[in-house]
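The values are calculated or read from the model by the stated rules, or taken from the named source; none is laboratory data. From a predicted model like this one, the values you see are computed outputs, not experimental measurements. Here the Cβ is made from the backbone with ideal geometry for all residues, glycine too, and neighbour counts use every protein chain on show. All accessible areas refer to the heavy atoms of the entire protein, side chains included, with ligands and DNA or RNA removed. Shrake-Rupley method; radii C 1.70, N 1.55, O 1.52, S 1.80 Å.
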Amino acid sequence: MKLARNIIIALIAGVVVGLILNLFAPEVFGFMDKYLFKPLGSIFLNLMKMLVIPVVFVSIALGTVGIGDPKKLGRIGGKTIGYFLATTAIAIVIALSLALMLKPGAGGNFDTSGANYEAAEAPPVMDTLLGIIPTNPVSAMAEGNMLQIIFFAALVGFGIAMLGKRVERVTELLEQANELIMYLITFVMKFAPYGAFGLIASAVGSQGFDALQAMGMYMGVVLGALLIHSIVVYGGTVSLLGKRNPIWFFKNFFPAQVVAFSTASSAATLPISMKTAQERLKVPESISSFTQSLGATINMDGTAIMQGAAVVFIAQAYGIELSMGQLLTVVLTAVLASIGTAAVPGAGLIMLAMVLTSVGLPVEGIALVLGVDRLLDMVRTAVNITGDAACAVVVAQTEGVLGEPDDGRVLASTKTI
């Protein structure tokens, strides 16, 4: 919590410094952004990203060894993917409902004539599914292909579990590697406040107050939907399915949320997210490593909320009325796209382009929301990793392996479990 406090102080300082420089000394901001803010942020992000591949491979392999039984592994995988798909669908419904009610794009006099955005082409879902199996595991690690790394690590873990004592030294090696990686995570996190300061100062200083004010209604809808989804959906599932107090959950997972907000990257936050879930939420490593690693790749509830709000906002800005059939198409396309674009860089905007195309809206409208997307990306990343942790708690509880909280925050109705 001391680290979280320091990061929050750094974030506030970054916002203040970024706004002051943007308003009163834009030339100074350009210099400081190039030689201070961006370097600080890049150093921290690179340090975190450096650990992602080792964390995913070692934790998934060890997690699979810990699960052992192929049937149990399949059951946990089914629960995890089912949770992510269900919450993604709920997320976009919340965003659509709030946007239709508040009408962020109506009456805003947005200039759509100059809007220009060239959409990248997303791969077919089947190609993504077939591409999960790596032809070269080393190449997959070098390229950071998360789905292929997860598949290979799970296969290695399964082989170790089946061979048992014959490869116990390999298991010991992975366990020692895991200890080393956890130490490195703790060490790197000492630089988090400095990285957070640089990242937020750069983001706020480059956007400026005028840009934020012009898009205020759209941002309000997205932030409101993210808040509702976090409290109602994640808090509800933690309470009803995870049998834990939601306040306890959010309080203990808060340090990871702060890191996610500052980095705006689920992958970069994965090491600290898993460490927090295992140590503070009492999720077994075997469950945490599998669900949270997979969630960092395919769980995009925050992005789905952005898509729902952006689709309605763009439609209203262009004066287009969406039918009920089109709204249902948005929900279905966004849920499927969350898997189909899982391994694609910049997946959020690619998914949005797919959704807009599916209902006949101009893809160029994405240019209207790009201005504030960096700041919103920080918030929705925090929501995404919270969903990963909530899933880990729910899966661990349904498997009967969730540890008891240190402060006894178990729901009264479940104390006999």
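Data for the structure
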item: Inter-residue pairs, beta-carbon under 8 Å, first within 18 Å of Gly302 (Cβ to Cβ) and assigned to a helix (DSSP H, G or I) and in the range 72-90, second modelled with pLDDT of 90 or more and of a type in the set (Phe, Trp, Tyr), 6+ apart; result: Thr87/Tyr234
item: Selected residue (only one of Ala203, Ala153, Ala192 is within 23 Å of Ile9 (Cβ to Cβ), hydrophobic (A, V, I, L, M, F, W, C) and in contact with a Phe, Trp or Tyr (Cβ under 8 Å, 6 or more places away or on another chain)); result: Ala192
item: Selection status of Gly108, open to solvent by less than 10 Å² (accessible area, probe 1.4 Å) and at pLDDT below 85; result: no
item: Cβ-Cβ under 6 Å pairs, at least 6 apart or on other chains, the range 36-53 side under 16 Å from Ile181 (Cβ atoms), far side of a type outside the set (A, V, I, L, M, F, W, C); result: Leu51/Pro271
item: Unmet criterion (only one of (1) open to solvent by 70 Å² or more (accessible area, probe 1.4 Å); (2) touching a helix residue (DSSP H, G or I) at 6+ places or on another chain (Cβ under 8 Å)) for Asp33; result: (1)
item: Filtered residue count, the range 277-293, keeping only those that are part of a helix (DSSP H, G or I), surrounded by fewer than 24 Cβ atoms within 10 Å (Cβ to Cβ) and touching a residue at least 40 places away in the same chain (Cβ under 8 Å); result: 1
item: Residue match in the range 36-50 (condition: farther than 24 Å from Ala390 by Cα, assigned to a helix (DSSP H, G or I), open to solvent by 60 Å² or more (accessible area, probe 1.4 Å) and basic (Lys, Arg)); result: yes
item: Cβ-Cβ under 7 Å pairs, at least 6 apart or on other chains, the range 364-380 side more than 16 Å from Ala304 (Cα to Cα), far side at pLDDT 75 or above and surrounded by fewer than 19 Cβ atoms within 10 Å (Cβ to Cβ); result: Gly365/Tyr318
item: Residues located in the range 299-321, provided they are open to solvent by less than 20 Å² (accessible area, probe 1.4 Å) and either β-branched (Val, Ile, Thr) or in contact with a strand residue (DSSP E or B) (Cβ under 8 Å, 6 or more places away or on another chain) (or both); result: Thr303, Ile305, Val311, Val312, Ile314
item: Hits in the range 1-25 (condition: over 21 Å from Met189 (Cα atoms) and open to solvent by 80 Å² or more (accessible area, probe 1.4 Å)); result: Ile20, Leu23, Phe24
item: Some residue of the range 252-272 being in a helix (DSSP H, G or I), in contact with a Cys (Cβ under 8 Å, 6 or more places away or on another chain) and open to solvent by less than 10 Å² (accessible area, probe 1.4 Å); result: no
item: Considering residues of the range 370-417 that are at pLDDT 75 or above and open to solvent by 50 Å² or more (accessible area, probe 1.4 Å) only, the residue nearest to Ile287 (Cα to Cα); result: Val401
